[in-house]
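*Asks:* Shown below is the structure under consideration.
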Amino acid sequence: MHKPGTQTQNALGDISLLYVSVLLKAVAAEGANPERLKASFHLNAPESAATDARISIPRFMRLGHAAINATGNPAIGLRMGALSRPVDAGIAGLCAETAETVGQAMETLVRFSLLTSRNSRGAPGVHRHQRSIHFYSIRPYNAYNYFVVDSVLAGWTQLIRHMTGRYDVLDRVRIEYPSRGLDDVFESWFRCPVEFGASTNDIRIKEQVWGLLPLQAHAGMHEKLTNVCELELQQMQRGWSTADRARHHIAPLLVGGNTSLESLSAKLGVTPWTLQRQLAQEGSGFRQLLDATRKQLAVDYLKETNSSLAEIAWLLGFANPPAFHKAYQRWHNISPGEHRKKLRMNTD
């Protein structure tokens, strides 16, 4: 377990132990033994850990996979959603439920998502005019990450139900991965049409629900908690250099080869020339930073995931697997396949 705030952690990201506690509750609710999972993953009382304690994203996904095997429930993410409370999203969850409308509450939750999770693949977002909350793509999908999408979308839905006292709160749900034969289960849980194999992961809130006053709405408390969240976010990012901030945005842009100086500078809200100047002042540059980010991510993908070399090449934005092999050989003087074997042997 570690605390957030530096850029030296697992390059793939980390997540609050608050979510781990919800997963373990879901395991218990399914009739399995959460203590066995805690022992297997060396989790010492995550339910009473510091509110800013985290584990790596790969470890969380392995824990979720183990939970599915232990319970026999491939839709355990829905069970997690059902058991989620505002406090399980940390201070951001408490801040959200005091908002003036459901829409403002969801925007608040998304705005401060970094306080409880950080993922190299992206960050959640809000489309206000469509009344939709979207979760970034975590392709390629497999038995280790289906539950992540399920739990996020279900957790958001449960928060809306908690705030309104209503269950029929969504127009529709879209899920990027293909149907796994659980369509009826998902539509029964979300109480709306669920589209699998969609172009995105999101929920769309009913128009009459979007503007509702949450049951715990309190303008003064919302302002106070918003200030607390802003302060925590500033403290988390206080030590970030321009390179750190750039690295935070590079990884999501890598997928499919979408990274450019122009796209990165747009994410940072500066001109390409300004970004180049700021990086140069720190002794770095765009190409150097891009190469270093790919290098760090590549090792973590090889060590922490079961993604194929072709999938990793795509995730890192290489034109093809041979280009990835060539770059990896240059970085480490060893092929990615051979290095994966050595990394796994050292881990074992």
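*Asks:* Would you pick out the residues in region 302-326 that are over 25 Å from A143 (Cβ atoms) and open to solvent by 40 Å² or more (accessible area, probe 1.4 Å)?
*Replies:* A319, N320, P322, H325, K326
*Asks:* Okay, moving on. Taking G31, is it farther than 30 Å from T242 by Cβ, out of contact with any Asp or Glu (no Cβ under 6 Å at 6 or more places or on another chain), modelled with pLDDT of 95 or more and not in a helix (DSSP H, G or I)? So that I can check it myself, show each step before the final result.
*Replies:* Working: farther than 30 Å from T242 by Cβ: yes; out of contact with any Asp or Glu (no Cβ under 6 Å at 6 or more places or on another chain): yes; modelled with pLDDT of 95 or more: yes; not in a helix (DSSP H, G or I): yes.
Considered against the rule, which asks whether it is farther than 30 Å from T242 by Cβ, out of contact with any Asp or Glu (no Cβ under 6 Å at 6 or more places or on another chain), modelled with pLDDT of 95 or more and not in a helix (DSSP H, G or I), G31 comes out as yes.
*Asks:* Are there any pairs with C-beta distances below 6 angstrom linking a residue in region 86-105 that is over 16 Å from L18 (Cα atoms) and part of a loop (DSSP other than H, G, I, E, B) to a residue that is open to solvent by less than 20 Å² (accessible area, probe 1.4 Å) and among the β-branched types (V, I, T), with the two at least 6 apart or on different chains, and if so which?
*Replies:* What qualifies is A99/T108.
*Asks:* A follow-up question, please. Any idea which residue in region 34-52 is modelled with the lowest pLDDT, counting only those that are open to solvent by 70 Å² or more (accessible area, probe 1.4 Å) and outside any helix (DSSP H, G or I)?
*Replies:* Our first condition is that a residue be open to solvent by 70 Å² or more (accessible area, probe 1.4 Å); within region 34-52, this holds for 35-36, 40, 42, 44, 47-48, 51.
With outside any helix (DSSP H, G or I) added as a condition, the list becomes 42, 44, 51.
Numbers: H42: 90, N44: 84, T51: 75.
Per the stated criteria, the residue is T51.
*Asks:* Let me ask you something else. Being loosely packed, with under 14 Cβ neighbours inside 10 Å and either in a helix (DSSP H, G or I) or in contact with a Ser or Thr (Cβ under 8 Å, 6 or more places away or on another chain) (or both) is the filter here, so list the residues in region 330-341 that pass it.
*Replies:* Scanning region 330-341 gives R330, G337, E338, K341.
*Asks:* Checking the conditions here, which among V148, V173 is at pLDDT 95 or above and not in a helix (DSSP H, G or I)? Give the derivation first.
*Replies:* Working: V148 fails: not in a helix (DSSP H, G or I).
Going through V148, V173 in turn, just one is at pLDDT 95 or above and not in a helix (DSSP H, G or I): V173.
*Asks:* Next up: Working only within region 271-301, note down all residues that are within 29 Å of P58 (Cβ to Cβ), touching a Phe, Trp or Tyr at 6+ places or on another chain (Cβ under 9 Å) and open to solvent by 40 Å² or more (accessible area, probe 1.4 Å).
*Replies:* D291, R294, K295
*Asks:* Starting from region 214-243, keep only residues that are in contact (Cβ under 8 Å) with a residue 40 or more places away in the chain and at positive phi, then list their pairs with residues that are charged (D, E, K, R) and in a helix (DSSP H, G or I) whose Cβ atoms are within a distance under 9 Å, requiring at least 6 positions of separation or different chains.
*Replies:* Taking only residues 6 or more apart or on different chains, not a single pair turns up.
*Asks:* Next question. Suppose we keep only residues that are buried (at least 19 other Cβ atoms within 10 Å of the Cβ) and among the polar types (S, T, N, Q) within region 114-135. Which one would you say is farthest from A92 (Cα to Cα)?
*Replies:* So, considering only residues that are buried (at least 19 other Cβ atoms within 10 Å of the Cβ) and among the polar types (S, T, N, Q), the one farthest from A92 (Cα to Cα) is S120.
*Asks:* Please specify each residue of region 293-308 satisfying the condition of being touching a residue at least 40 places away in the same chain (Cβ under 8 Å) and part of a helix (DSSP H, G or I).
*Replies:* Passing the criteria: T293, R294, Q296, L297, V299, D300, Y301, L302, K303, E304.
The values are calculated or read from the model by the stated rules, or taken from the named source; none is laboratory data. Everything numeric in this text was worked out from a predicted model, so none of it was measured. Because the Cβ atoms are built from the backbone with ideal geometry, glycine has one as well, and the counts that use them run over all protein chains shown. When the accessible area is computed, the model is the full protein with side chains, heavy atoms only, and any ligands, DNA or RNA have been set aside. Shrake-Rupley method; radii C 1.70, N 1.55, O 1.52, S 1.80 Å.
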